Amino acid sequence: MLHGFSLTMMLAFPASSTNTPTQGAQPHMAECRNCGLLQIQTPVERREIVFCTRCKTQLEHSAGKSLDAALACSAAILLLLIPAWTAPFLSASALGSTRTSFLPMSVYVVWRDGSPLLALCVLLFVLAFPLLRFGALTAVLLTLRRGHRAAWQRHAFRVCNALQVWAMLDVFLLGLMVAYFRLRSSLEVTLGAGAICFIVAGFLSLVTRATLDKAQVWRLIGPDRRSIQGPSMVCLSCELVMPRAEGGTTCPRCQAVVTARKRNPYPRSMALLLAAGLMYLPANIYPIATIPIDLKPTSYTVLGGVIDLVRSHLLGLAALVFTASFTIPLLKMLGLAWCASSAMCGSCRFLVGKTRIYRVVEEIGRWSMVDPLTIACFVPVLQFNALIDGHAEPAVIPFTAVVILTTLAVQLFDPRRMWDAAEKSA
């Protein structure tokens, strides 16, 4: 069932995984984060999806949501990260020698190999941010489950949500799969206990994201507003609607700084896009890594790596890598540039389509990190000799920079400006 004005209102952390409206739930105000339309939403029934009536952005999705399931998965991830970090991760054997890696080794080996930016990304995106995200999420959900309310919960859950883009257990999982199948054609490669635990944690991170009902958690921390007087603005962290204030204010629910619109979204986003565009060409022209193929060190570019996977009859992985590493960065830059330029020109055309493009770009952009993280997987186990060697090549730095710059450009852009500009020019 699809409704234009509906929303689930949960007033207590349920002991079961059902998602039925609480008795006495009241309509409340909601403002679309992508077009700025203020609307009244009423409680939604189980399995209903709520869309913005103007730009068709999904505002609420109750099907398959369960805070109990999210808590169980998040706690399991934390437990699995311990052996994932401490147990053997990958082993590679060649010419009677064996090299075994541990997950934290990737940071040191890649740094020593001359790629400090990639080493920093592994440290933050694979080690630090997932631990912080799922640690905060587990603490918040567990205390809410037990009926406790504390000021730290709002800060912890806001940080947890902000790290969703940057905590890349799932992306590193795909990188591990690519590294394993790519090396297996030339070497004897074994997944260790640490890798198996990491694989499970990576899948559970996807389940956690699918089952977590952020709106319900925020309502447990603080209620939504049932009415608003005068002009409004929405907190992009917790989506609480509040009266518009000149120069911004602090959200009473999550304590984030809130402004009616993001400041200077065009120059900042376009500057980052320009920098990413300049990096995109060398990222695809120069070799990104060297791996031993038939016991010979062979350098490959991004597209060359896709061709190698095709030659190894790994068509599915080849399609994934081509999409994530070549297509997505290009589409991100073109799509966001179109949105920004149309907003600056005050164009009224294709607003719904451009908003959808922005949502897609925002969702899939992080998967472009799969190629650099693949390199971080196999470099620690390919330190044999001059013939059997694997290491990052010069293109890994601009390629990683493209992913980071485009992700930041998407986050700094404000799609509501497109609708504002269209209204002014109408």
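Condition check ((1) charged (D, E, K, R); (2) under 29 Å from Ala136 (Cβ atoms); (3) over 20 Å from the mean Cα position of the chain (by Cα)) across all residues:
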{"position": "Gln41", "(1), (2), (3)": "no, yes, yes"}
{"position": "Cys55", "(1), (2), (3)": "no, no, yes"}
{"position": "Ile77", "(1), (2), (3)": "no, yes, no"}
{"position": "Ile82", "(1), (2), (3)": "no, yes, yes"}
{"position": "Gly96", "(1), (2), (3)": "no, no, yes"}
{"position": "Leu103", "(1), (2), (3)": "no, yes, yes"}
{"position": "Ser115", "(1), (2), (3)": "no, no, yes"}
The residue that is modelled with the lowest pLDDT, considering only those in region 37-65 that are buried (at least 17 other Cβ atoms within 10 Å of the Cβ) and among the acidic types (Asp, Glu), is Glu48
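From the list Leu187, Leu236, exactly one residue is within 20 Å of Arg133 (Cα to Cα) and either at pLDDT below 95 or among the basic types (Lys, Arg) (or both). Which is it? Before the answer, list the steps.
Details: Leu187 fails: within 20 Å of Arg133 (Cα to Cα).
After applying the criteria, what remains is Leu236.
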Residue hits (region 381-426; over 22 Å from Ile328 (Cα atoms), open to solvent by 10 Å² or more (accessible area, probe 1.4 Å) and either touching a helix residue (DSSP H, G or I) at 6+ places or on another chain (Cβ under 9 Å) or in a helix (DSSP H, G or I) (or both)) are Gln383, His391, Arg417, Trp419, Asp420, Ala421, Glu423, Lys424, Ser425
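Which one of these is of a type outside the set (Gly, Ala, Ser), more than 21 Å from the chain's Cα centre (by Cα) and within 30 Å of Ser269 (Cα to Cα): Thr301, Thr327, Thr355, Thr323? Reasoning before the result, please.
Values: Thr327 fails: more than 21 Å from the chain's Cα centre (by Cα); Thr355 fails: more than 21 Å from the chain's Cα centre (by Cα); Thr323 fails: more than 21 Å from the chain's Cα centre (by Cα).
Matching residue, one of Thr301, Thr327, Thr355, Thr323: Thr301.
Residues in region 100-133 that are within 18 Å of Ile375 (Cα to Cα) and open to solvent by 40 Å² or more (accessible area, probe 1.4 Å): how many? Please lay out each step first, then the result.
Residues of region 100-133 that are within 18 Å of Ile375 (Cα to Cα), as a first pass: 100-127.
Now drop any that are not open to solvent by 40 Å² or more (accessible area, probe 1.4 Å), which leaves 100, 102, 104-105, 108, 111-114, 116-117, 120, 123-124.
So the count comes out to 14.
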Given the residues Leu141, Leu176, which is the only one that is of a type in the set (A, V, I, L, M, F, W, C), surrounded by 19 or more Cβ atoms within 10 Å (Cβ to Cβ) and either touching a Cys at 6+ places or on another chain (Cβ under 9 Å) or modelled with pLDDT under 95 (or both)? Leu176
Please specify each residue of region 316-333 satisfying the condition of being open to solvent by less than 60 Å² (accessible area, probe 1.4 Å) and among the polar types (S, T, N, Q). Ser325, Thr327
Looking at region 191-210, can you tell me whether even one residue there is modelled with pLDDT under 95 and among the polar types (S, T, N, Q)? no
For region 127-153, name all the residues that are within 24 Å of Cys377 (Cα to Cα) and touching a Ser or Thr at 6+ places or on another chain (Cβ under 8 Å). Pro130, Phe134
If we scan region 262-270, do we find a residue that is outside any helix (DSSP H, G or I), in contact with a Phe, Trp or Tyr (Cβ under 8 Å, 6 or more places away or on another chain) and open to solvent by 30 Å² or more (accessible area, probe 1.4 Å)? yes
Enumeration of residues in region 29-80 that are in contact (Cβ under 8 Å) with a residue 60 or more places away in the chain and part of a strand (DSSP E or B): Met29, Ala30, Glu31, Leu38, Glu60
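Tell me the helices (runs of 4 or more DSSP H) entirely within region 146-241 that contain at least 3 residues that are under 18 Å from the mean Cα position of the chain (by Cα). Working first, answer last.
Working: elements: 151-162, 169-184, 193-211, 214-221.
Filter on region 146-241 gives 151-162, 169-184, 193-211.
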Residue within region 92-99 that is over 20 Å from Arg209 (Cβ atoms), in contact (Cβ under 8 Å) with a residue 24 or more places away in the chain and either crowded, with 22+ Cβ neighbours inside 10 Å or among the β-branched types (Val, Ile, Thr) (or both) present: yes
Given (1) within 20 Å of Ala401 (Cα to Cα); (2) more than 27 Å from the chain's Cα centre (by Cα), Ile293 misses just (1)
In region 370-380, is there at least one residue being open to solvent by 60 Å² or more (accessible area, probe 1.4 Å) and either touching a strand residue (DSSP E or B) at 6+ places or on another chain (Cβ under 8 Å) or at pLDDT below 90 (or both)? no
Per the filter on region 224-252, residues in contact (Cβ under 8 Å) with a residue 60 or more places away in the chain, surrounded by fewer than 21 Cβ atoms within 10 Å (Cβ to Cβ) and not hydroxyl-bearing (Ser, Thr, Tyr) are Asp224, Arg225, Arg226, Ile228, Leu236, Glu239, Val241
Find the residue count for region 278-315, including only residues that are open to solvent by 60 Å² or more (accessible area, probe 1.4 Å) and either in a strand (DSSP E or B) or modelled with pLDDT of 85 or more (or both). 12
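The values are calculated or read from the model by the stated rules, or taken from the named source; none is laboratory data. Note that this is a predicted model, so its numbers are computed, not measured. As a convention, Cβ positions derive from the backbone with ideal geometry for all residues, glycine included, and neighbour counts pool all protein chains shown. Side chains are part of the model used for accessible areas, which takes the heavy atoms of the whole protein and leaves out ligands, DNA and RNA. Shrake-Rupley method; radii C 1.70, N 1.55, O 1.52, S 1.80 Å.
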